Amino acid sequence: MFNFRDVGGPTGHDGRTVRYGRLYRSDSPHRLDDADRAAFTALGVRTVIDLRRPREVERDGRVPELPGLSYRHIHPEHDDWSQIPHPEEQSVARWLADRYAGLARTGTAGLAEAVGLIADSANAPVVVHCLAGKDRTGVVCALTLAVLGVSDDDIAADYALSTEASARFSAWIAATMPDAAELPRPFLASPEEAMRLFLTELRTGYGSAEGYLRHAGVTDAQLAALHDHLLD
């Protein structure tokens with residue numbers, strides 16, 4: 001695994017801190033080996049939310065079955081980004097922000113289900129992941145943090161940490177699968193500006209992250225629960 005980290009730490013509403021050890025974000029954990037399983041188990045993870053497409057799960061497998069671990073596969077509907085070319089004249093940030101906007105537009109039910117699961121303290125600690133842990137996972141974590149009152153700058157900074165992880169993942173692909181095609185540039189980049197654009201434009205359309213999530217189907221009780229168990 002190359003992109004596993006705790007979402008806790010930033011400051012949210014009323015100066016309260018997002019709790020550590022409650023929500024983790026990750027690339028796909030299907031490659032967990034024995035040593036990693038021990039570390040993973042020590043975190044006490046109760047729930048894994050897998051945002052990958054069904055064909056990705058079928059191809060790569062899922063997180064190993066571990067005692068006390070609940071696995072939830074949620075696929076927020078969205079276009080196949082590999083089929084959408086990145087024009088050379090367009091910034092990577094703009095291309096990514098457009099993809100995230102499309103995900104928010106077509107994947108409302110899946111995004112609402114994922115955030116609803118995170119809101120339920122009985123499911124914590126939660127690991128939310130996709131394939132690389134930066135795009136679909138990034139959107140779910142950004143929406144969650146925005147509801148908690150975390151600033152766009154802090155959300156974007158957390159999102160940008162995936163760039164270094166993507167470089168490690170790319171190096172591993174090159175070493176273990178030398179015949180694999182080179183990944184497109186947007187698939188390896190997480191520029192802060194992409195997340196800022198996405199959040200700014202989401203507010204233009206829905207007023208706030210809360211407004212978007214209500215539109216998607218998240219209840220006021222679930223939004224309140226996010227505050228109750230994810231903010232110190």
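The values are calculated or read from the model by the stated rules, or taken from the named source; none is laboratory data. Small disclaimer: the values here were computed from a predicted structure and weren't measured. We place every Cβ from the backbone using ideal geometry, glycine too, and count neighbours over all the protein chains shown. Ligands, DNA and RNA are excluded from the accessible area calculation, which covers all protein heavy atoms including side chains. Shrake-Rupley method; radii C 1.70, N 1.55, O 1.52, S 1.80 Å.
At-a-glance table
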quantity	calculated
All positions within the stretch 5-26 that are of a type in the set (D, E, K, R), surrounded by fewer than 18 Cβ atoms within 10 Å (Cβ to Cβ) and either part of a helix (DSSP H, G or I) or touching a residue at least 60 places away in the same chain (Cβ under 8 Å) (or both)	Arg5, Asp14, Arg16
Of all residues making up the stretch 155-174, the number that are under 30 Å from Tyr20 (Cα atoms), without any contact (Cβ under 8 Å) to a residue 12 or more places away in the chain and either in contact with a Gly (Cβ under 6 Å, 6 or more places away or on another chain) or surrounded by 13 or more Cβ atoms within 10 Å (Cβ to Cβ) (or both)	0
Lone qualifier among Thr137, Thr204, Thr144 - being in a helix (DSSP H, G or I), of a type in the set (S, T, N, Q) and open to solvent by 60 Å² or more (accessible area, probe 1.4 Å)	Thr204
Near pairs, Cβ below 6 angstrom, 6+ apart or cross-chain, from the stretch 175-195 (closer than 30 Å to Ala142 by Cα) to any residue that is open to solvent by less than 70 Å² (accessible area, probe 1.4 Å) and in a loop (DSSP other than H, G, I, E, B)	Pro186/His86; Ser190/Lys134
Filter pass, Gly44 being assigned to a loop (DSSP other than H, G, I, E, B), of a type in the set (Gly, Ala, Ser) and closer than 18 Å to Tyr159 by Cβ	no
Of the criteria (1) open to solvent by 50 Å² or more (accessible area, probe 1.4 Å); (2) in contact with a helix residue (DSSP H, G or I) (Cβ under 9 Å, 6 or more places away or on another chain); (3) part of a loop (DSSP other than H, G, I, E, B); (4) modelled with pLDDT of 95 or more, which one Arg72 fails	(3)
Selected residue (criterion: most open to solvent (accessible area, probe 1.4 Å)) from residues of the stretch 30-47 that are touching a residue at least 40 places away in the same chain (Cβ under 8 Å) and in contact with a helix residue (DSSP H, G or I) (Cβ under 7 Å, 6 or more places away or on another chain)	Arg46
Candidate set: the stretch 84-133, residues that are free of Cβ contacts under 8 Å to residues at least 60 places away in the same chain and open to solvent by less than 20 Å² (accessible area, probe 1.4 Å); chosen: the one farthest from Glu201 (Cα to Cα)	Gly110
From Glu58, Glu77, residue being open to solvent by 50 Å² or more (accessible area, probe 1.4 Å), more than 21 Å from Thr163 (Cβ to Cβ) and outside any helix (DSSP H, G or I)	Glu77
Of all residues making up the stretch 207-224, the number that are open to solvent by 30 Å² or more (accessible area, probe 1.4 Å) and among the hydrophobic types (A, V, I, L, M, F, W, C)	2
Cβ-Cβ under 9 Å pairs, at least 6 apart or on other chains, the stretch 197-226 side in contact (Cβ under 8 Å) with a residue 40 or more places away in the chain and of a type in the set (Phe, Trp, Tyr), far side outside any loop (DSSP other than H, G, I, E, B) and open to solvent by 60 Å² or more (accessible area, probe 1.4 Å)	Tyr212/Arg203; Tyr212/Tyr206
Residues (of a type outside the set (Ser, Thr, Tyr), more than 18 Å from the chain's Cα centre (by Cα) and not in a helix (DSSP H, G or I)) located in the stretch 207-221	Gly207, Gly217
Subset tally (residues that are out of contact with any Pro (no Cβ under 8 Å at 6 or more places or on another chain) and closer than 24 Å to Glu164 by Cα) for the stretch 100-138	12
Any hit, the stretch 107-120, residues being more than 26 Å from Val218 (Cα to Cα), over 15 Å from the mean Cα position of the chain (by Cα) and not in a helix (DSSP H, G or I)	no
